[in-house]
Amino acid sequence: MNSIVKYILKNALRDKIYLGIFLALIVSLGLSVFLGSASLIEEQITTSVYLAGSYRIIIAIGMILFVCLSIGKAFENKEIEFILSKSISREGVVFSYLIGFFIVSLLISIPSFLIIAIIGKIKYSGFFLWAISIILENLILISFTLLASLILKNSFSAIFASFAFYLISRLMGIFVLAIDIPKNFIDAKNNILATLLKFLSVAFPRLDLYAQTSWIVYGIEKINNIEIIFWQFVIYLPLLIFMSFHDFKKKQF
Amino acid sequence: MNPKIFYYLNSHRIYFWLFLSFFLMQIFLWKITENIHPKFDLIPPAPNKYMVSALSFGDNEFLFRILSARLQNSGDVFAGFVALKNYNYSYLYDWMKILDNLNSQSRLIPSLASYYYSQTQNISDNKYIIKYLDEYASKDIDKHWWWLFQATYIAKINLKDLKLALQLAEKLAINEAKDAPLWTKQLPAFIREDMGEGCVAFKIIKNLIDEIESGKRIAKPEEMNFMRYFINSRLTNLKNQKFNPKEC
């Protein structure tokens, strides 16, 4: 298991993921400082918010691309079959990949947290919670991307599916707000699309509640949301992992 | 078929001529579309709250900062600036309300409204600014008294509507903020004075002095000196008009 984790870390180095994402973070830093300084008031707060918001997106996109392309390459080059020929269980393979990708995302996230903490004007309690929720969000995203890459043969299909998952999960708040559960069958029939969307929302996590940049600026306001974030993570991550185990175990090589 | 024509139709040169003919068509199309420009709104109509919630993707603060920057810099177009009189202030008001829904704690939007957008050459547009600042401050007058003062100032100085300024000043006067200076309570008196209601102005200041002397309120010595001067000068004027101040 350790060797798979080390292999993924070296893969990231070889594919220049760290370099690519760090460059994106630096460009985002420059833009955020520039745009923040142009604000009429609250310049440092604006810089912090731009930094935090853009880093969240950069890390998410970077990890989706890395996971999908790595797994796609692993299948194409028969690396998975080679690993399975060793004495390692299929669950072990999936778990090792998950741990490896998670460590890569940590290695990318920690410098971005440090940049925001140093440059931005932040409330430390809110910032700490924000950082934790980013890590949890990344774990959920990596798990789903791994699952999508295992199920879908094509890397690009997995990339699009993962982006769609991320976008829909972040839009989930507006879906549950705007759509009510139908009161009767006629109501459901008249609003069939809205009803389907409402029931589909069961399958997606509430990522719109994660990583609110307002926590960095104003501190923690709603304690309920913190509990929801925790329980969402505790329920959804194993759900994805078990699905990955199930799919990988029934795969024929 | 003529062998020469057959040779040219099947050689690579035909593609070059086809490319050239389509490029000429592209130049022709460019000429036709040259005057079709994108519609540019200084301040477009504000979206509804569901659209804004969707656009935020769960992160209201990030969207707030992006849209505020856009609101601050609207009119800064292609090496030029647009005069504020050309803005649609009713749309501006809608945008300010939408942005307040995203973040009601930031001072950015009231600052933009008070210090920048109130400088419009079209004076009557200030009624939207005043309306926004009044609604913003009314949520918590003790916390947002400064913006209510800004609304009062804009009504008095820019809009020159003393009645509206008085209404806002009386609302401001009821604040109990610890950091609000005494003049927030005196403002109705100054406006009454400008309206020619010296008697009422006298009464307001006298009531304040009475509250301070009875210990209900604390004032600095210079504030007391000013109020006593105000009373004395009004008292002299009222007595010269043979008017009894007790009848105010």
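Readers should treat all values here as calculations from the given coordinates under stated rules, not as data from a laboratory. Please read all numbers here as calculations on a predicted model, not as lab measurements. Positions of Cβ are backbone-derived with ideal geometry, glycine not excepted, and every protein chain shown enters the neighbour counts.
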Problem set entry | Count, lysine Cα pairs under 28 Å in region A:46-202, 8 or more residues apart or across chains | 7
Seminar exercise, completed: Flagged as over-length at 27 Å C-alpha distance, from B:39/B:131; B:85/B:156; B:163/B:206, the pairs are B:39/B:131
Seminar exercise, completed: Scoring chain A by relative contact order with C-alpha pairs under 8 Å, at least six apart, yields a percentage of 26
For this session: Find how many whole Å separate the alpha carbon centroid of region A:188-226 from the alpha carbon centroid of region A:150-167.
Result: 22
Exercise. Starting at 0 and stepping by 5 Å, how many percent of the alpha carbon pairs of chain B end up in each bin?
Worked result: 1, 5, 10, 11, 11, 10, 8, 7, 6, 6, 4, 3, 3, 2, 2, 2, 2, 1, 1, 1, 1, 1, 1, 0, 0
Exercise. Measuring from centroid to centroid over Cα atoms, what is the spacing of region A:44-59 and region B:154-211 in Å?
Worked result: 44
Exercise. How large is ³J(HN,Hα), in whole Hz, for each residue of region A:97-107 in order, when computed from phi with the Karplus curve 6.51 cos²θ - 1.76 cosθ + 1.60 and θ = phi - 60°, using x for Gly and Pro?
Worked result: 4, 4, 5, x, 5, 5, 5, 4, 5, 5, 4
Seminar exercise, completed: Taking Cα atoms only, helix B:198-213 is inclined relative to the longest principal axis of chain B by an angle, in degrees rounded to 10, of 80
Exercise. Tell me, B:11, A:143 in order of fewest to most beta-carbon neighbours within 10 Å?
Worked result: B:11, A:143
Seminar exercise, completed: What helix-only [θ] at 222 nm does chain B give? Using -39500 (n - 2.57) per DSSP H run of at least 4, over all residues, to the nearest 500, the answer is -19500 deg cm²/dmol
Exercise. Each residue of region B:54-59 in order: what ³J(HN,Hα) in whole Hz does its phi give by Karplus 6.51 cos²θ - 1.76 cosθ + 1.60, θ = phi - 60°, with x for Gly and Pro?
Worked result: 5, 5, 6, 6, x, 10
Exercise. HN-Hα J couplings of region A:75-91 from phi, Karplus 6.51/-1.76/1.60, θ = phi - 60°, integer Hz, Gly and Pro as x?
Worked result: 6, 5, 8, 6, 5, 5, 5, 5, 5, 5, 6, 7, 7, 9, 6, 5, 5
Seminar exercise, completed: Convex hull around the C-alpha positions of region A:6-113: the volume in Å³ per residue is 86
Exercise. Mean residue ellipticity at 222 nm from the helices of chain A, using -39,500 (n - 2.57) per DSSP H segment of n ≥ 4 over the full residue count, to the nearest 500 deg cm²/dmol?
Worked result: -27500 deg cm²/dmol
Seminar exercise, completed: Cβ density ranking, 10 Å radius, fewest first, applied to A:140, A:228 yields A:228, A:140
Exercise. Amide H to amide H under 5 Å from residue B:74: which residues, 5+ apart in sequence or cross-chain, H placed 1.01 Å off N in plane?
Worked result: none
Exercise. Among B:120, B:152, B:33, whose mean-square fluctuation peaks in a Gaussian network model of chain B (Cα, cutoff 10 Å)?
Worked result: B:33
For this session: Take the Cα atoms of region B:1-134, build their convex hull, and give its volume per residue in Å³.
Result: 197
Problem set entry | For chain A, built as a Gaussian network whose Cα springs stay under 10 Å, the top-fluctuating residue of A:194, A:164, A:131 | A:194
For this session: Fewest Cβ neighbours within 10 Å first, please rank B:236, A:47 accordingly.
Result: B:236, A:47
Seminar exercise, completed: Spelling it out for residue B:58: with amide H atoms placed in the peptide plane at 1.01 Å from N, the residues 5 or more places away or on another chain with amide H under 5 Å from its amide H are none
For this session: Could you give log10 I(q)/I(0) at q = 0.12 Å⁻¹ for the protein assembly as shown, computed by the Debye formula over C-alpha point scatterers of equal weight, without solvent?
Result: -1.15
Problem set entry | Nearest 10 degrees, 0 to 90: helix B:126-138 Cα axis against chain B principal axis | 70
